Amino acid sequence: MTAPRLRSLFGTDGIRALAGESPLDPITIFATGVALAHSLRKTCAEPAVLLGRDTRESSPWIAAVLAAGLRSAGARVESAGIVPTPAVAFLAHTHDFQTGVVISASHNPWRDNGIKFFGADGYKLPDSVELAMEDEILRHAALIASQLAEPDPASIPPVEDNPALQADYIQFLIDCVPGLPLAHSNDRIVVDCANGAAALIAPVLFRRLGVEVTLLNVTPNGRNINDNCGALYPAHVAAEVASCGAALGISLDGDADRCMMAGASNNVLNGDAILYIAALDLKSSGLLTGDLIVATSMSNIGLEAALKRSGIRMLRAPVGDRYVLERMLANKAALGGEQSGHILLPHLATTGDGLLTALFVLDLMARTKQSIAELTADLKVFPQITINIKVREKRPLDSVPTIAQAIRAAEEDLKDSGRVVVRYSGTESLARVMVEAETEAAMHHHATAIANAIRAELGVSRQE
């Protein structure tokens, strides 16, 4: 049996790297546009491609180079400007684009960037399609390099944005929750836009809904996206919620496809809590097909137990919202998501949408007249920790004896009273160690032992 070919460009969420360096150098970006246009022209003479981007300093020039490659190969290009990733998925599906392309590195630091693709159906491209695109991208990049014709981003005009597309996306969000606006409510919410793609959308959205809102980190400067703010730092919103007595806090990431929350008692609520309340709501309304949801290997045992008490099964998929969706489609599930805040509601949208998730929860709170604390009261989670270790290479973990032994020791000790998940990030040079246990002492002991083994064998030294 032939082993699957390893990807050289695409990770679990498109192409992602340090902006300006391979595979996000001008040649490869231009070649990506050419390859995409050639692929689309197999079924459409003049394919239309929609671009959207986040607020990173590099996003405009990457969009311009990509558009130049697309146009050189016969595609028509339109730009929605600075919009969340799910906006591109929605607009590609509803506005007759053959493909939607997002320029973003999601939750990564500002120096990183990425390119991810959505089909005309609004879903991310399958692994097989991306793998086939890799071959053509690499061929075109080699040809351009051999001709010494590297594109100069400074000489390529920027892509003109169409603000009407942003307005269409905002209207879509409002239409998803016809029970709102909340103008009748005196409850304040806090929204952290991470100086990212939602910074332009959220103020307009919540103003139109009549929500009393405190907006944080809505002044992007190209370099402050995700910088000590947003979904990676939900404690900031939790503190603001407690300070101003708000009903709910919402933390978005740089491309606004994930959402973390906080309640009035200064507690952070991750994607597991959102999945729990959404599952109960969908079941009560008869929309939870098969009484099951799909989560990932990272979701807490407490979520699984709480759902089981309510007669709901939880299936686990590999980490990555695309893999959650694959499992959902295979099992006809109406709800899925990740602990990181990607929540998939296929009856409303084709991909995770942080703003839509926030509106869904606000609508639920308004309909039930319950606080977020009351809605999540029956969810009891095990102590859980995740340690990220920067690695110089991604060798199979079971091939390194000291690492494998540390993992085995933890699994044998915890047995049915905890879980161990050790994996590599699909978008960064990181190993992630997640341990759940009944006690914090056991959790810290095993997580530290595994993390130290990985650092010793694969970690990046201070000199590197």
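The values are calculated or read from the model by the stated rules, or taken from the named source; none is laboratory data. What you are looking at is a predicted structure, and each value in this text was computed from that prediction instead of being measured. Every residue, glycine as well, gets a Cβ built from its backbone with ideal geometry; the counts of neighbours run over all protein chains shown.
Couple of notes before you dig in:
- Condition met for Ile389 (within 28 Å of the chain's Cα centre (by Cα), closer than 30 Å to Phe10 by Cα and part of a helix (DSSP H, G or I)): no
Here is a yes/no grid of residues against (1) modelled with pLDDT of 95 or more; (2) part of a helix (DSSP H, G or I); (3) farther than 19 Å from Thr85 by Cα; (4) over 15 Å from the mean Cα position of the chain (by Cα):
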position	(1), (2), (3), (4)
Gly311	yes, no, yes, yes
Arg327	yes, yes, yes, yes
Ala334	yes, no, yes, yes
Gly341	yes, no, no, no
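- Matching option when the condition is under 18 Å from Gly249 (Cβ atoms), of a type in the set (A, V, I, L, M) and either outside the structural domain of Ala256 (by TED's automatic domain parsing) or at pLDDT 95 or above (or both), among Leu173, Leu215: Leu215
- Residues in the stretch 282-303 that are outside any strand (DSSP E or B), surrounded by 16 or more Cβ atoms within 10 Å (Cβ to Cβ) and not hydroxyl-bearing (Ser, Thr, Tyr): Leu282, Lys283, Leu288, Met298, Asn300, Ile301, Gly302, Leu303.
- In the stretch 418-429 there is at least one residue that is farther than 30 Å from Gly14 by Cα and either part of a loop (DSSP other than H, G, I, E, B) or not acidic (Asp, Glu) (or both).
- Residue within the stretch 335-353 that is of a type in the set (A, V, I, L, M, F, W, C) and more than 21 Å from Leu269 (Cα to Cα) present: yes
- Checklist (1) in a loop (DSSP other than H, G, I, E, B); (2) surrounded by fewer than 24 Cβ atoms within 10 Å (Cβ to Cβ) applied to Asp257, failing item: (2)
- In the stretch 57-68 there is at least one residue that is touching a residue at least 24 places away in the same chain (Cβ under 8 Å), over 26 Å from Asn195 (Cα atoms) and surrounded by 19 or more Cβ atoms within 10 Å (Cβ to Cβ).
- Index of the failed condition, Ala366 passing every other in (1) surrounded by fewer than 17 Cβ atoms within 10 Å (Cβ to Cβ); (2) in contact (Cβ under 8 Å) with a residue 12 or more places away in the chain: (1)
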